[in-house]
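The values are calculated or read from the model by the stated rules, or taken from the named source; none is laboratory data. Note that the coordinates shown come from a computational prediction; the quantities given were computed from them, not determined experimentally. Glycine gets a Cβ as well: all are built from the backbone with ideal geometry, and neighbour counts include every protein chain shown.
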């Protein structure tokens, strides 16, 4: 079991003078051998973090002292990604896919599996399981989700370039699909619901943000911003005018975006620093006034010579204004 570690790496001493590089931000480390957690959400009521697993498909929980236990395990899930606690606080929803990271991947499910499941927070028992694979033909990668104020779930499909809607009673439908979403590889990824009645989604391959009105999802609008975020992953809405964006793919930084025109346009107002040393960060969650990010280390799964990771870290975001 690991607790917070504040890691400082000493620089090479010259003569009698020793220099120390800046410390990364605080980390909550936990042992979950070979799991490669990707999704992350904090549950205030239980005071635990829930984490998914791109490698094993399991869903675990992590205490503030770094104790990891499995809440739900099922090898047929292949991989689990984005997580959200249901608005009623009683269940946890998870995106289920087989994007070829799973230990249990096979030709029958690889890039075909597309499910949204919910489990009981107290017992870990599966409560619902919705198949999304038939809504759009082709490859699938169910990646992240968000709830609106009517408890509908909106789910991104990174390979199909689509957003699906799942009603509280489990009815699934295609909600939005646009030419602007289309890309090779991982496209649509992070998603948030804005209380003014729209979704904001990002596209990893294009590095762009899009706005989708709930009342008119056929009219997708690209959010104007003066830079691209290749490797964009998880999103977290701070308030109506601020957004956290997690970016990996070698950039491995967290950005704070701001908008003063209802997300017609946006700009970067702060980011983390290189010395924070995030390791393939994926998703973000809020704990009180603090934002914490999952270091998924998924790049290790693309390296056949890499030694499987045992210890993972949820890392605190400390922004530096631009």
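Residues in segment 108-118: is at least one at pLDDT 95 or above, within 20 Å of residue 293 (Cβ to Cβ), out of contact with any helix residue (DSSP H, G or I) (no Cβ under 6 Å at 6 or more places or on another chain) and buried (at least 24 other Cβ atoms within 10 Å of the Cβ)?
no
Would you call residue 67 within 28 Å of residue 27 (Cα to Cα), more than 19 Å from the chain's Cα centre (by Cα) and modelled with pLDDT of 95 or more?
So residue 67 fits the description; yes.
Applying the selection to segment 123-145, what residues are part of a loop (DSSP other than H, G, I, E, B) and either free of Cβ contacts under 8 Å to residues at least 24 places away in the same chain or touching a strand residue (DSSP E or B) at 6+ places or on another chain (Cβ under 8 Å) (or both)?
Correct list: 123, 124, 125, 132, 133, 134, 135, 136, 137, 138, 140, 141.
Considering only segment 239-255, state which residues are more than 23 Å from residue 37 (Cβ to Cβ) and either part of a strand (DSSP E or B) or in contact (Cβ under 8 Å) with a residue 40 or more places away in the chain (or both).
239, 240, 242
Does segment 287-309 contain any residue that is under 21 Å from residue 68 (Cα atoms), modelled with pLDDT under 95, part of a loop (DSSP other than H, G, I, E, B) and touching a helix residue (DSSP H, G or I) at 6+ places or on another chain (Cβ under 7 Å)?
yes
State all residues of segment 146-162 that are assigned to a loop (DSSP other than H, G, I, E, B), touching a strand residue (DSSP E or B) at 6+ places or on another chain (Cβ under 7 Å) and over 14 Å from residue 101 (Cβ atoms); if no residue qualifies, say none.
If the condition is that a residue be assigned to a loop (DSSP other than H, G, I, E, B), touching a strand residue (DSSP E or B) at 6+ places or on another chain (Cβ under 7 Å) and over 14 Å from residue 101 (Cβ atoms), then 148, 152, 161 are the ones that fit.
Residues that are closer than 25 Å to residue 146 by Cβ, modelled with pLDDT of 95 or more and either surrounded by 11 or more Cβ atoms within 10 Å (Cβ to Cβ) or in contact with a helix residue (DSSP H, G or I) (Cβ under 9 Å, 6 or more places away or on another chain) (or both): does segment 10-26 have at least one?
No; the residues of segment 10-26 include none that is closer than 25 Å to residue 146 by Cβ, modelled with pLDDT of 95 or more and either surrounded by 11 or more Cβ atoms within 10 Å (Cβ to Cβ) or in contact with a helix residue (DSSP H, G or I) (Cβ under 9 Å, 6 or more places away or on another chain) (or both).
Identify the single condition in (1) more than 18 Å from residue 158 (Cα to Cα); (2) part of a loop (DSSP other than H, G, I, E, B) that residue 270 does not satisfy, given that it satisfies every other one.
(2)
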